[in-house]
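The values are calculated or read from the model by the stated rules, or taken from the named source; none is laboratory data. Predicted, not measured: the structure shown is a model, and the values here were computed from it. Cβ: placed from backbone, ideal geometry, glycine included. Neighbour counts: every protein chain shown.
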Amino acid sequence: MRLRKLKLSKKGKLIFFSSLFIIIISAFGLYYLIFSPDFLTLFKLKQNNDHQEIVENIEDLEIIDDLTNYSSRWLDGKKVEASMADSFPVAIMIDNDPLARPQAGLAQALLVYEAPVEGRITRYLAVYLADMELDKVGPVRSARPYFVQLASELKAAYLHVGGSPEAIELIKKSEIYDLNEFYNEKYFWRDYNFPAPHHIFTNQENWLRYLNNRGLVERQTDIWQFKEEFGSGIEQKDIDIVFGPAFQVRWEYNLIDNDYLRILNDQKNISEGTEIRAKNIIIQKVRSEVLDNVGRLKIETSGEGEAIICLDGSCRGAKWRKRGANRTKFYDDNNDEIQFNPGITWVELADDNTMINY
(Lines give C-alpha, C1' and ligand atoms only; values in the text may rest on other atoms or scores of the structure.)
Protein backbone atom coordinates (compact mmCIF):
# COMPACT_ATOMS: atom_id res chain seq x y z
CA MET A 1 0.00 0.00 0.00
CA ARG A 2 1.43 3.35 -0.99
CA LEU A 3 1.44 6.27 1.50
CA ARG A 4 -0.14 9.37 0.26
CA LYS A 5 1.81 12.67 0.76
CA LEU A 6 -0.01 15.04 3.10
CA LYS A 7 -0.80 18.35 1.60
CA LEU A 8 -2.01 21.39 3.60
CA SER A 9 -4.13 24.10 2.31
CA LYS A 10 -3.11 27.73 2.76
CA LYS A 11 -5.47 27.99 5.72
CA GLY A 12 -4.00 24.84 7.27
CA LYS A 13 -0.48 26.10 6.82
CA LEU A 14 -1.40 29.33 8.56
CA ILE A 15 -2.96 27.48 11.48
CA PHE A 16 0.08 25.16 11.74
CA PHE A 17 2.73 27.88 11.79
CA SER A 18 0.70 30.04 14.13
CA SER A 19 0.40 27.16 16.59
CA LEU A 20 4.12 26.42 16.31
CA PHE A 21 4.97 30.07 17.02
CA ILE A 22 2.72 30.12 20.06
CA ILE A 23 4.32 26.89 21.39
CA ILE A 24 7.86 28.32 20.96
CA ILE A 25 6.95 31.64 22.61
CA SER A 26 5.24 29.79 25.47
CA ALA A 27 8.32 27.57 25.94
CA PHE A 28 10.60 30.62 26.14
CA GLY A 29 8.19 32.25 28.59
CA LEU A 30 8.08 29.16 30.79
CA TYR A 31 11.90 28.90 30.76
CA TYR A 32 12.28 32.58 31.71
CA LEU A 33 9.73 32.22 34.49
CA ILE A 34 11.51 29.23 35.99
CA PHE A 35 15.18 29.94 35.44
CA SER A 36 15.65 33.69 35.14
CA PRO A 37 16.91 35.74 38.15
CA ASP A 38 14.50 37.71 40.29
CA PHE A 39 15.73 41.18 39.41
CA LEU A 40 13.42 42.83 41.89
CA THR A 41 14.74 40.64 44.70
CA LEU A 42 18.29 41.23 43.53
CA PHE A 43 17.69 44.96 43.48
CA LYS A 44 16.23 44.89 46.97
CA LEU A 45 19.11 42.70 48.18
CA LYS A 46 21.60 45.15 46.71
CA GLN A 47 19.80 47.99 48.48
CA ASN A 48 19.96 46.06 51.76
CA ASN A 49 23.67 45.28 51.28
CA ASP A 50 24.41 48.90 50.48
CA HIS A 51 22.47 49.95 53.58
CA GLN A 52 24.28 47.39 55.75
CA GLU A 53 27.63 48.58 54.41
CA ILE A 54 26.68 52.17 55.26
CA VAL A 55 25.59 51.10 58.74
CA GLU A 56 28.82 49.16 59.28
CA ASN A 57 30.85 52.12 58.11
CA ILE A 58 28.99 54.37 60.52
CA GLU A 59 29.54 51.87 63.35
CA ASP A 60 33.24 51.71 62.49
CA LEU A 61 33.41 55.49 62.61
CA GLU A 62 31.61 55.46 65.96
CA ILE A 63 34.11 52.88 67.32
CA ILE A 64 37.03 54.96 66.08
CA ASP A 65 35.48 58.08 67.55
CA ASP A 66 34.81 56.20 70.79
CA LEU A 67 38.44 55.05 71.02
CA THR A 68 39.63 58.63 70.63
CA ASN A 69 37.79 59.41 73.86
CA TYR A 70 39.86 56.85 75.80
CA SER A 71 43.34 57.17 77.25
CA SER A 72 45.72 55.06 79.30
CA ARG A 73 45.24 55.72 83.01
CA TRP A 74 48.49 57.03 84.45
CA LEU A 75 48.58 54.82 87.55
CA ASP A 76 47.90 51.38 86.03
CA GLY A 77 47.95 51.79 82.24
CA LYS A 78 44.33 50.65 81.77
CA LYS A 79 42.24 52.24 79.00
CA VAL A 80 39.61 54.52 80.52
CA GLU A 81 37.60 57.56 79.50
CA ALA A 82 40.01 60.39 78.84
CA SER A 83 38.44 62.52 81.57
CA MET A 84 39.37 59.86 84.17
CA ALA A 85 42.90 59.09 83.01
CA ASP A 86 44.59 61.69 85.22
CA SER A 87 42.56 61.28 88.40
CA PHE A 88 44.06 62.33 91.76
CA PRO A 89 45.85 59.56 93.73
CA VAL A 90 44.76 58.61 97.24
CA ALA A 91 47.21 56.53 99.31
CA ILE A 92 45.83 54.82 102.43
CA MET A 93 47.61 52.95 105.22
CA ILE A 94 45.89 49.56 105.52
CA ASP A 95 46.23 47.29 108.55
CA ASN A 96 47.35 43.68 108.09
CA ASP A 97 47.08 42.42 111.63
CA PRO A 98 45.14 39.11 111.74
CA LEU A 99 42.46 40.97 113.74
CA ALA A 100 42.06 43.44 110.85
CA ARG A 101 41.10 40.82 108.29
CA PRO A 102 39.33 40.67 105.96
CA GLN A 103 40.26 44.15 104.83
CA ALA A 104 37.82 46.27 102.87
CA GLY A 105 38.73 47.59 99.43
CA LEU A 106 42.19 46.04 99.30
CA ALA A 107 41.43 43.94 96.20
CA GLN A 108 40.40 47.09 94.32
CA ALA A 109 43.60 49.07 94.95
CA LEU A 110 45.43 49.76 91.67
CA LEU A 111 48.84 49.81 93.33
CA VAL A 112 49.78 48.26 96.69
CA TYR A 113 53.04 48.43 98.62
CA GLU A 114 53.59 45.79 101.30
CA ALA A 115 56.43 46.22 103.78
CA PRO A 116 57.41 44.88 107.19
CA VAL A 117 56.82 46.92 110.33
CA GLU A 118 57.70 46.14 113.93
CA GLY A 119 57.32 42.54 115.05
CA ARG A 120 57.85 41.14 111.51
CA ILE A 121 54.25 41.83 110.61
CA THR A 122 53.41 43.72 107.42
CA ARG A 123 51.33 46.74 106.53
CA TYR A 124 50.01 48.03 103.22
CA LEU A 125 50.01 51.33 101.41
CA ALA A 126 47.03 50.95 99.08
CA VAL A 127 46.78 53.48 96.26
CA TYR A 128 43.46 54.39 94.65
CA LEU A 129 42.26 57.15 92.37
CA ALA A 130 39.83 59.75 93.66
CA ASP A 131 37.09 58.83 91.17
CA MET A 132 36.98 55.16 92.22
CA GLU A 133 33.62 54.34 93.80
CA LEU A 134 34.43 52.55 97.05
CA ASP A 135 32.03 52.37 99.97
CA LYS A 136 34.55 51.12 102.53
CA VAL A 137 38.34 50.98 102.77
CA GLY A 138 40.36 49.87 105.77
CA PRO A 139 41.07 49.28 108.55
CA VAL A 140 43.24 52.42 108.37
CA ARG A 141 46.37 52.36 110.55
CA SER A 142 49.34 54.50 111.50
CA ALA A 143 52.08 55.91 109.29
CA ARG A 144 55.69 54.78 108.98
CA PRO A 145 58.40 56.94 107.36
CA TYR A 146 59.02 54.72 104.32
CA PHE A 147 55.29 54.67 103.52
CA VAL A 148 55.29 58.47 103.78
CA GLN A 149 58.11 58.56 101.22
CA LEU A 150 56.20 56.30 98.84
CA ALA A 151 53.02 58.38 99.11
CA SER A 152 55.07 61.53 98.64
CA GLU A 153 56.66 60.36 95.38
CA LEU A 154 53.17 59.73 94.00
CA LYS A 155 52.05 63.27 94.99
CA ALA A 156 49.10 61.57 96.68
CA ALA A 157 46.70 62.46 99.45
CA TYR A 158 47.96 60.37 102.39
CA LEU A 159 45.35 58.91 104.77
CA HIS A 160 46.46 57.42 108.09
CA VAL A 161 45.69 57.24 111.81
CA GLY A 162 48.61 58.84 113.62
CA GLY A 163 52.08 57.43 113.09
CA SER A 164 55.51 56.79 114.52
CA PRO A 165 57.47 59.87 115.69
CA GLU A 166 59.77 59.59 112.66
CA ALA A 167 56.82 59.40 110.28
CA ILE A 168 55.09 62.45 111.77
CA GLU A 169 58.31 64.49 111.56
CA LEU A 170 58.83 63.41 107.96
CA ILE A 171 55.26 64.41 107.05
CA LYS A 172 55.92 67.91 108.41
CA LYS A 173 58.98 68.22 106.16
CA SER A 174 57.41 66.65 103.07
CA GLU A 175 55.25 68.18 100.40
CA ILE A 176 52.44 65.76 101.06
CA TYR A 177 48.67 66.17 101.37
CA ASP A 178 48.28 64.82 104.87
CA LEU A 179 44.94 63.47 106.13
CA ASN A 180 45.57 62.29 109.68
CA GLU A 181 42.52 60.85 111.45
CA PHE A 182 43.77 62.30 114.75
CA TYR A 183 42.90 65.81 113.50
CA ASN A 184 40.34 65.00 110.82
CA GLU A 185 38.03 62.49 112.43
CA LYS A 186 35.06 63.53 110.30
CA TYR A 187 36.59 61.83 107.27
CA PHE A 188 36.67 58.42 109.01
CA TRP A 189 34.35 56.19 111.04
CA ARG A 190 34.61 53.22 113.42
CA ASP A 191 33.29 49.76 112.71
CA TYR A 192 32.90 48.06 116.08
CA ASN A 193 32.70 44.63 114.49
CA PHE A 194 36.50 44.95 114.60
CA PRO A 195 38.42 45.37 117.87
CA ALA A 196 40.32 48.61 118.48
CA PRO A 197 42.66 49.79 117.04
CA HIS A 198 41.73 47.77 113.93
CA HIS A 199 38.33 49.41 113.44
CA ILE A 200 38.78 52.72 111.60
CA PHE A 201 37.57 53.00 107.99
CA THR A 202 37.05 55.58 105.26
CA ASN A 203 35.59 55.68 101.74
CA GLN A 204 35.41 57.65 98.50
CA GLU A 205 32.75 60.02 99.77
CA ASN A 206 35.02 61.07 102.62
CA TRP A 207 38.21 61.55 100.63
CA LEU A 208 36.32 63.50 97.96
CA ARG A 209 35.01 65.85 100.66
CA TYR A 210 38.57 66.28 101.89
CA LEU A 211 39.98 66.93 98.41
CA ASN A 212 37.21 69.41 97.59
CA ASN A 213 37.54 71.22 100.91
CA ARG A 214 41.29 71.55 100.49
CA GLY A 215 41.00 72.57 96.85
CA LEU A 216 43.96 70.35 96.05
CA VAL A 217 45.65 70.74 92.70
CA GLU A 218 47.16 67.73 91.00
CA ARG A 219 50.94 67.72 90.76
CA GLN A 220 52.72 65.87 88.02
CA THR A 221 54.46 62.64 88.99
CA ASP A 222 56.54 60.22 86.97
CA ILE A 223 54.59 57.55 85.10
CA TRP A 224 55.66 53.96 84.66
CA GLN A 225 55.72 52.44 81.20
CA PHE A 226 53.06 49.92 80.15
CA LYS A 227 52.90 47.49 77.25
CA GLU A 228 50.48 45.22 75.47
CA GLU A 229 49.66 42.23 77.66
CA PHE A 230 50.74 38.74 76.63
CA GLY A 231 51.35 35.55 78.56
CA SER A 232 54.35 33.26 78.31
CA GLY A 233 52.15 30.26 77.53
CA ILE A 234 54.08 28.24 80.11
CA GLU A 235 52.87 27.50 83.62
CA GLN A 236 55.44 28.97 86.02
CA LYS A 237 56.39 28.29 89.61
CA ASP A 238 54.82 30.20 92.48
CA ILE A 239 56.48 33.19 94.11
CA ASP A 240 57.00 32.76 97.86
CA ILE A 241 57.75 35.71 100.13
CA VAL A 242 58.02 35.07 103.87
CA PHE A 243 58.07 38.21 106.04
CA GLY A 244 57.49 36.31 109.28
CA PRO A 245 55.92 33.13 110.69
CA ALA A 246 52.35 34.47 110.37
CA PHE A 247 52.96 36.52 107.23
CA GLN A 248 53.77 34.02 104.51
CA VAL A 249 52.81 35.23 101.06
CA ARG A 250 52.54 33.18 97.88
CA TRP A 251 51.63 34.54 94.47
CA GLU A 252 50.24 31.77 92.25
CA TYR A 253 50.36 32.37 88.51
CA ASN A 254 47.12 31.80 86.56
CA LEU A 255 47.96 30.89 82.96
CA ILE A 256 44.42 31.47 81.65
CA ASP A 257 43.99 35.00 83.05
CA ASN A 258 47.71 35.82 82.98
CA ASP A 259 47.62 37.12 86.53
CA TYR A 260 48.70 36.17 90.05
CA LEU A 261 46.45 35.03 92.90
CA ARG A 262 47.59 36.08 96.37
CA ILE A 263 47.81 33.37 99.01
CA LEU A 264 48.35 34.37 102.64
CA ASN A 265 49.30 31.67 105.15
CA ASP A 266 48.14 28.92 102.74
CA GLN A 267 44.71 30.51 102.30
CA LYS A 268 43.38 32.62 99.45
CA ASN A 269 43.76 36.27 100.45
CA ILE A 270 40.20 37.62 100.35
CA SER A 271 39.07 41.22 100.64
CA GLU A 272 35.34 41.33 101.43
CA GLY A 273 34.61 38.31 99.26
CA THR A 274 36.96 39.29 96.43
CA GLU A 275 40.18 37.42 95.66
CA ILE A 276 43.26 39.61 95.61
CA ARG A 277 44.94 39.36 92.21
CA ALA A 278 47.62 41.30 90.38
CA LYS A 279 49.02 41.58 86.88
CA ASN A 280 52.50 42.58 88.05
CA ILE A 281 54.52 41.56 91.12
CA ILE A 282 57.59 43.61 92.00
CA ILE A 283 59.94 42.43 94.73
CA GLN A 284 62.02 45.44 95.71
CA LYS A 285 64.99 44.49 97.87
CA VAL A 286 65.69 47.11 100.54
CA ARG A 287 67.91 47.66 103.56
CA SER A 288 66.35 48.04 107.00
CA GLU A 289 67.42 48.74 110.57
CA VAL A 290 65.61 48.85 113.91
CA LEU A 291 65.04 52.39 115.19
CA ASP A 292 63.84 51.92 118.78
CA ASN A 293 63.03 49.44 121.52
CA VAL A 294 59.53 49.04 120.12
CA GLY A 295 61.07 47.48 117.04
CA ARG A 296 60.08 50.17 114.53
CA LEU A 297 62.09 50.00 111.33
CA LYS A 298 63.90 52.35 109.06
CA ILE A 299 63.69 51.12 105.47
CA GLU A 300 65.77 52.77 102.78
CA THR A 301 63.62 53.56 99.73
CA SER A 302 65.98 56.08 98.10
CA GLY A 303 69.05 55.32 96.04
CA GLU A 304 69.15 52.05 94.13
CA GLY A 305 69.12 48.31 94.64
CA GLU A 306 68.11 44.94 93.26
CA ALA A 307 64.61 43.91 92.29
CA ILE A 308 62.72 40.94 90.88
CA ILE A 309 60.01 41.62 88.31
CA CYS A 310 57.31 38.98 87.82
CA LEU A 311 54.76 39.30 85.01
CA ASP A 312 53.42 37.22 82.15
CA GLY A 313 54.26 34.10 84.14
CA SER A 314 58.00 34.63 84.51
CA CYS A 315 60.37 36.42 86.89
CA ARG A 316 63.61 38.20 86.07
CA GLY A 317 66.22 40.20 87.88
CA ALA A 318 66.14 43.97 87.65
CA LYS A 319 67.33 47.18 89.33
CA TRP A 320 65.36 49.87 91.12
CA ARG A 321 66.41 53.49 91.26
CA LYS A 322 65.07 56.56 93.03
CA ARG A 323 66.60 60.02 93.00
CA GLY A 324 65.35 62.85 95.20
CA ALA A 325 61.60 63.40 94.98
CA ASN A 326 61.33 61.42 91.73
CA ARG A 327 59.32 58.26 91.55
CA THR A 328 61.00 54.86 91.93
CA LYS A 329 61.67 53.29 88.53
CA PHE A 330 62.70 49.76 87.55
CA TYR A 331 65.24 48.81 84.88
CA ASP A 332 66.45 45.65 83.15
CA ASP A 333 70.06 44.55 82.59
CA ASN A 334 70.30 46.83 79.54
CA ASN A 335 69.24 49.81 81.67
CA ASP A 336 65.94 49.99 79.79
CA GLU A 337 62.92 50.86 81.88
CA ILE A 338 60.65 47.90 82.65
CA GLN A 339 57.30 47.89 80.85
CA PHE A 340 54.45 46.51 82.94
CA ASN A 341 51.10 44.96 82.07
CA PRO A 342 48.11 47.27 82.39
CA GLY A 343 46.36 46.45 85.65
CA ILE A 344 47.01 46.00 89.35
CA THR A 345 50.59 46.00 90.62
CA TRP A 346 51.87 44.86 94.03
CA VAL A 347 55.29 45.97 95.26
CA GLU A 348 56.77 43.76 97.97
CA LEU A 349 59.49 45.59 99.93
CA ALA A 350 61.76 42.77 101.07
CA ASP A 351 64.60 43.40 103.53
CA ASP A 352 67.38 41.00 104.57
CA ASN A 353 65.03 39.21 106.96
CA THR A 354 62.57 38.40 104.18
CA MET A 355 62.85 35.00 102.51
CA ILE A 356 62.17 34.90 98.77
CA ASN A 357 61.76 31.87 96.55
CA TYR A 358 60.56 31.69 92.93
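Within the stretch 209-230, is even one residue surrounded by fewer than 12 Cβ atoms within 10 Å (Cβ to Cβ), over 30 Å from N326 (Cβ atoms) and not aromatic (F, W, Y)?
No, the stretch 209-230 contains no residue that is surrounded by fewer than 12 Cβ atoms within 10 Å (Cβ to Cβ), over 30 Å from N326 (Cβ atoms) and not aromatic (F, W, Y).
For the stretch 255-271, enumerate the residues that are farther than 21 Å from E228 by Cα and part of a loop (DSSP other than H, G, I, E, B).
If we filter the stretch 255-271 for residues that are farther than 21 Å from E228 by Cα, which is where we start, we get 262-271.
Result: N265, D266, N269.
So which residues in the stretch 272-300 are β-branched (V, I, T), at pLDDT 95 or above and outside any strand (DSSP E or B), if there are any at all?
I276, V286
Determine if the stretch 339-356 includes at least one residue that is assigned to a loop (DSSP other than H, G, I, E, B), under 19 Å from F226 (Cα atoms) and of a type in the set (A, V, I, L, M).
To start, the set of residues in the stretch 339-356 that are assigned to a loop (DSSP other than H, G, I, E, B) comprises 341-344, 351-354.
Among the residues that remain, those that are also under 19 Å from F226 (Cα atoms) are: 341-344.
From what is left, the residues that are of a type in the set (A, V, I, L, M) are 344.
Yes; the residues of the stretch 339-356 include at least one that is assigned to a loop (DSSP other than H, G, I, E, B), under 19 Å from F226 (Cα atoms) and of a type in the set (A, V, I, L, M).
Can you pull out the residues in the stretch 301-331 that are assigned to a loop (DSSP other than H, G, I, E, B) and aliphatic (A, V, I, L, M)?
Correct list: A325 only.
Hey, can you tell me all the residues within the stretch 321-358 that are at pLDDT below 95 and surrounded by 13 or more Cβ atoms within 10 Å (Cβ to Cβ)?
Matches in the stretch 321-358: A325, Y358.
Only residues in the stretch 68-85 that are on the phi > 0 side of the Ramachandran plot count as the first member; pair them with residues that are of a type outside the set (V, I, T) and surrounded by 16 or more Cβ atoms within 10 Å (Cβ to Cβ), Cβ under 7 angstrom, at least 6 apart or cross-chain, and list the lot.
The qualifying pairs are G77/F226; G77/F340; G77/P342.
Tell me which of these W251 doesn't satisfy, since it passes every other one: (1) loosely packed, with under 13 Cβ neighbours inside 10 Å; (2) within 17 Å of L106 (Cα to Cα); (3) at pLDDT 95 or above.
The number of the failed condition is (1).
Quick one: is I283 in contact (Cβ under 8 Å) with a residue 60 or more places away in the chain and under 20 Å from A100 (Cβ atoms)?
So I283 fails the test.
I'd like to check something: does the stretch 154-161 contain any residue that is surrounded by fewer than 17 Cβ atoms within 10 Å (Cβ to Cβ), touching a residue at least 60 places away in the same chain (Cβ under 8 Å), not in a strand (DSSP E or B) and not polar (S, T, N, Q)? Steps first, please.
Within the stretch 154-161, the subset surrounded by fewer than 17 Cβ atoms within 10 Å (Cβ to Cβ) is none.
Looking for residues that are surrounded by fewer than 17 Cβ atoms within 10 Å (Cβ to Cβ), touching a residue at least 60 places away in the same chain (Cβ under 8 Å), not in a strand (DSSP E or B) and not polar (S, T, N, Q), one finds none in the stretch 154-161, hence no.
Taking E133 as the residue in question, decide whether it is touching a helix residue (DSSP H, G or I) at 6+ places or on another chain (Cβ under 7 Å), more than 17 Å from D178 (Cβ to Cβ), touching a residue at least 12 places away in the same chain (Cβ under 8 Å) and surrounded by fewer than 24 Cβ atoms within 10 Å (Cβ to Cβ).
Taking the combined requirement at face value, the residue satisfies it.
Taking the condition of being assigned to a loop (DSSP other than H, G, I, E, B) and β-branched (V, I, T), how many residues in the stretch 200-230 meet it?
Count: 3.
On the given criteria, is R316 touching a strand residue (DSSP E or B) at 6+ places or on another chain (Cβ under 7 Å), on the phi < 0 side of the Ramachandran plot and crowded, with 17+ Cβ neighbours inside 10 Å?
When the stated conditions are applied, R316 does not pass them.
Please work out which one of (1) of a type in the set (S, T, Y); (2) touching a strand residue (DSSP E or B) at 6+ places or on another chain (Cβ under 7 Å); (3) touching a residue at least 60 places away in the same chain (Cβ under 8 Å) is the condition Y177 fails and give its number.
Tallying (1) of a type in the set (S, T, Y); (2) touching a strand residue (DSSP E or B) at 6+ places or on another chain (Cβ under 7 Å); (3) touching a residue at least 60 places away in the same chain (Cβ under 8 Å), Y177 fails exactly one: (3).
Given the structure, is W189 aromatic (F, W, Y) and surrounded by 22 or more Cβ atoms within 10 Å (Cβ to Cβ)?
So W189 fails the test.
Exactly one condition in (1) surrounded by 20 or more Cβ atoms within 10 Å (Cβ to Cβ); (2) closer than 17 Å to Q108 by Cβ is false for L170; which is it?
Evaluating L170 over (1) surrounded by 20 or more Cβ atoms within 10 Å (Cβ to Cβ); (2) closer than 17 Å to Q108 by Cβ leaves (2) as the failure.
Looking at the stretch 162-180 only, could you name the residues that are acidic (D, E) and farther than 18 Å from V127 by Cβ?
E166, E169
I'm told V286 meets every condition in (1) touching an Asp or Glu at 6+ places or on another chain (Cβ under 6 Å); (2) over 20 Å from Q149 (Cβ atoms); (3) of a type outside the set (S, T, N, Q) except one. Can you identify the failing condition by its number?
With (1) touching an Asp or Glu at 6+ places or on another chain (Cβ under 6 Å); (2) over 20 Å from Q149 (Cβ atoms); (3) of a type outside the set (S, T, N, Q) applied to V286, the lone miss is (2).
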